[in-house]
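Colleague: Shown below is the structure under consideration.
The values are calculated or read from the model by the stated rules, or taken from the named source; none is laboratory data. No experiment lies behind these values; they were computed from the predicted model shown. Ideal geometry is used to build each Cβ from the backbone, glycine not excepted, and the neighbour counts take in all protein chains shown. Please note that ligands, DNA and RNA were not included when accessible areas were found on the heavy atoms of the full protein model with its side chains. Shrake-Rupley method; radii C 1.70, N 1.55, O 1.52, S 1.80 Å.
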Amino acid sequence: MVEATTGGGTLSGAAPASSLTTTALARYLFAALALIAIALAAYTLHTTPGRGARASFALLSGAALGIAFQRGRFCFYCILRDFIQRRDSGPIYAILTALAVGGVGYAIVFGQFLPNATAGRLPPDAHIGPVSWVVAAGGLTFGLGMVLSGACISGHLYRLGEGYARAPIALFGSLIGFGLGFFTWRELYISTLVRAPVAWLPGTFGYAGALAIHLTILGAIALLLLRFVPELPARPAGRITLARIRDSILGQRWNPLLTGAIVGLIGVFLYFRVEPLGVTSQIGSLTRTFMTDNGWLTDRLNGLDTFSGCATAVVNTITENGLLIGGLVAGSLAAALASNRFKLSRLTVRNSLTALIGGALMGWGAMVSLGCTVGTLLSGISAFAISGWIFGAAVFAGVWIGLKLRLESS
Amino acid sequence: MKALRLSLIVLALVLVAAVGGALAQETTTTETAAEVLVTTEWLAENLDNPSVRVIEVSVQPGVYERGHIPGAVNFVWHTDFVETLVRDIVSPERFETLVRAAGINDDTTIVLYGDNNNWFAAWGAWIFNIYGAQDVRLLDGGRVLWELEGRELVTDAPVYEEGTFTVGEARADLRALLPDVLAIVEGETEADLIDIRSAAEFNGEISAPEGVQELAVRAGHIPGAVNVPWGQNVNEDGTFKSVEELTELYAALGIDGSRPIVTYCRIGERASLTWFVLSQLLGYEVAVYDGSWTEWGNTVGLPIENPSGTIWGGQ
């Protein structure tokens, strides 16, 4: 019953190993081409002056993330919906594992970057945001937008690679949402955010204390959800053959624990080498640049550039974040082709419109929360930021309300 | 045969003498530079030298943390080198504590480097000089060249035994305050003023580069200043131009060290790069006006020059 949790329409399983049809061969060929294109792009970036290893690392991390997202169906909306509607908590363990692995990794990296956690400084550019009702409102709105549009922003990015036709519309909607966010930013900053504390657990409890709290909370949630994990199917005994390996990698949905661990590790490696994992910085910057160029925004938005998060800036280039997103879509495309999950979905007036509106809600939420389910929830909580926990809880509430109000459309 | 061998030996001797002479000449002409600049090669060989301490001062947060020269300590320019509330350079007490924590003694050779062409590393060098450090040098080419050459970077933050560095009385001759600059403008003091900002800022076409937070209400420059954008001091690979080239560059603009010099920029840091070039490499008498354009351009009643005629508040 794994396929029922995809949220991306009906999909057929991978072809049996023995019959390599022409279409299957074509799929593998295109998947290989996508991977070669990623590798070539990474190589070119590496040798380009002003780009270098950081840029290719960002691109390759994005590709790895795209593959993990696609093969593990790491879609925050689908995961939460499975739990809320079907009382299936299995997929949630992917998020919990990502946060646990991320927390351990961040503690290790932080210890190196900022040996003294309690000296009053914050680690460089980690996603530790201001704590106020704004991040809660942002999360709630973001959750509603997820239900309306059919996925969160990272979900739409990887499902773009699966041929999900609503994804480009929702992503365009998020550009509009970011614009609305910029318009409301000034008011929110002056009324609330300027005085909001930037709360960071290790600043009070040290790294060991913060990690202990972090793992205790995650462990408690994992324990509470255990009774909602459905019965596991029996696995036939047998030797490990190439066909079986291929089925594990390309046929079955990856185990949530494995997927979560991979996502958590990529987040840590990315923070160590480039910047914290996030997927909205380039999207928001696109909007901000467009609006600034057209005179709709002033050069500076009060306070915005002083917070850490999925930072937006007026830029006219593809940032490392843009490369990450590009890699994510391309990696997901390769994985979807190889596993026969690529299928153009149908568009209707209704599901296009809801994708657009949902995207706009997510854009606003991600703007005022300085990130989305990846940047603020995943990277924020992994970095022991209180803002990440509040955003996560609010997103859960938003998805819950959205589903109760039957806002989803296929 | 004998004649041939003899002539070969003579030829070899002449060659050796010529190369040796050329080398000797090179060392004499760059002698000043050698005392205040270190090459990446020299630094790589001296990383284990206990009397050398390397300090990174980068503009971008996270750059040091994600990989720095082995053994280097991190000084954060916007907190470690300034008193943020009063807008002043770091107090001597706080500076002494900071420098001692880096394991620096009075006789330690301090080598600074950073991103963005050593902008803020040069500023750090200026502050070290103000507080009387004896041997302060910059890594020629800075972080960019070190990375370009594929040299080793590490991520562990080193811990050193506390040093015994003692701050001296702040050297007032390295720093120009607003009244000092006003005295130059009014002709009471003879000195050359150098504005190191971009030509567009100098001419008043723009008041600051896009996206920066610190602004002045007026655009233009201090009357009598000469515009030499900082980038003219360096080669394409980020290393400083040769002493000869730099001497020529400034002499062509009438600045030859015969009079004291004051450098300034927008918020006061980049001017230190030109201060370093003129005072440390060329040996001129130079002070930094760290109040710079954000002080001068904002101050009521001070004269400015604005060739492009942009008026405060005008549309």
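Colleague: If you average 1/r over all unlike Cα pairs in region A:130-278 and invert the result, what Kirkwood radius do you get in angstrom?
Modeller: 19.9 Å is the Kirkwood radius here.
Colleague: If you count, for every residue in A:107-116, the Cβ atoms of partner chains within 10 Å of its Cβ, what is the mean?
Modeller: What the average comes to for A:107-116 is 3.
Colleague: What does DSSP give for the protein assembly as shown in terms of the percent of beta bridges that are antiparallel, rounded to the nearest 5? Can you show the working numbers first?
Modeller: Values: 6 of 29 bridges.
Bridges in the protein assembly as shown are about 20 percent antiparallel.
Colleague: Additional query: Among A:THR292, A:THR373, B:THR39, what's the order by accessible area (1.4 angstrom probe), most exposed first?
Modeller: On the way: A:THR292 25, A:THR373 0, B:THR39 75 Å².
Correct descending sequence by accessible area is B:THR39, A:THR292, A:THR373.
Colleague: May I pose another question? Largest first, what is the accessible-area ranking of B:VAL36, A:VAL104 with a 1.4 Å probe?
Modeller: Largest accessible area first, the list is A:VAL104, B:VAL36.
Colleague: Leaving out ligands, DNA and RNA but keeping every protein chain, what accessible area does A:HIS127 have, in Å² rounded to the nearest 10, with a 1.4 Å probe?
Modeller: We get 10 Å² for A:HIS127.
Colleague: Here is a further query. Kirkwood-based Rg over Rh for region A:17-131 (C-alpha set), two decimals?
Modeller: Values: Rg = 20.0 Å, Rh = 18.3 Å.
For region A:17-131, the value is 1.10.
Colleague: Once you have the alpha carbon radius of gyration of region B:37-170, what is it after dividing by 2.2 N^0.38 Å, with N set to its residue count?
Modeller: The value comes to 0.97.
Colleague: May I pose another question? In whole Hz, with x marking every Gly and Pro, tabulate ³J(HN,Hα) for region A:382-396 from phi via Karplus 6.51 cos²θ - 1.76 cosθ + 1.60, θ = phi - 60°.
Modeller: In residue order, the calculated couplings are 4, 8, 6, 8, 4, 4, x, 5, 4, 4, x, 5, 5, 4, 4 Hz.
Colleague: Run the numbers on chain B and let me know its relative contact order in percent, using alpha-carbon pairs under 8 Å that are six or more apart.
Modeller: Values: 548 pairs, mean separation 57.6, N = 315.
Here the relative contact order equals 18 percent.
Colleague: Related question: Would you mind checking the tilt of helix A:166-191 against the longest principal axis of the Cα atoms of chain A, expressed as 0 to 90 degrees and rounded to 10?
Modeller: Its long axis makes an angle of about 20 degrees.
Colleague: Hey, another quick one. Find the centroid of the Cα atoms in region A:66-135 and in region A:371-408, then give the distance between the two in whole Å.
Modeller: Between the Cα centre of region A:66-135 and that of region A:371-408, the gap is 10 Å.
Colleague: Computed from the mean reciprocal separation of all distinct C-alpha pairs, what Kirkwood hydrodynamic radius does the protein assembly as shown have, in Å?
Modeller: 28.7
Colleague: Using just the C-alpha positions of region A:193-265 as equal point scatterers, what log10 of I(q)/I(0) does the Debye formula give at each q in 0.22 1/Å?
Modeller: Ignoring solvent entirely, the Cα scatterers give -1.13.
Colleague: Considering only protein heavy atoms, with the full assembly of protein chains and a 1.4 angstrom probe, order B:SER292, A:SER132 by accessible area, largest first.
Modeller: Heavy-atom accessible area, descending, gives A:SER132, B:SER292.
Colleague: Averaged over all directions, how much area does the convex hull of the C-alpha atoms of region B:256-312 cover when projected, in nm²?
Modeller: For region B:256-312, the mean projected area of the Cα convex hull comes to 4.8 nm².
Colleague: Report, in debye and to the nearest 20, how large the dipole of the protein assembly as shown comes out about its Cα centre when Lys and Arg carry +1 and Asp and Glu carry -1 on their Cβ.
Modeller: Here the size comes out at about 5460 debye.
Colleague: Of B:ASN118, A:ILE249, B:VAL159, whose Cα points farthest to the positive end of the dipole of the protein assembly as shown (charges on the beta-carbon: +1 Lys, Arg; -1 Asp, Glu; origin at the Cα centre)?
Modeller: Positive-most Cα among the choices belongs to A:ILE249.
Colleague: Helices from chain B with mean Kyte-Doolittle at least 1.0 and a Cα length along the axis of 15 Å or more, per DSSP H: which?
Modeller: Helices passing the filter in chain B: B:2-29.
Colleague: According to the Kirkwood expression over distinct Cα-Cα pairs, how big is the hydrodynamic radius of region B:152-283, in Å?
Modeller: After inverting the mean inverse Cα-Cα distance, the result is 17.0 Å.
Colleague: I've got another one for you. Relative contact order, percent, of chain A when contacts are C-alpha pairs under 8 Å separated by at least 6 residues?
Modeller: On the way: 773 pairs, mean separation 161.2, N = 410.
So the answer I get is 39 percent.
Colleague: Which value, in Å² rounded to 10, gives the accessible area of B:LEU215 with a 1.4 Å probe and all protein chains present?
Modeller: 80
Colleague: What accessible surface, in Å², does a 1.4 Å probe find on A:LEU20, ignoring ligands, DNA and RNA and rounding to the nearest 10?
Modeller: Roll a 1.4 Å probe over it and A:LEU20 shows about 100 Å².
Colleague: What is the Å³ per residue value for the convex hull set by the Cα atoms of chain B?
Modeller: Values: hull volume 54.5 nm³, N = 315.
It is 173 Å³ per residue.
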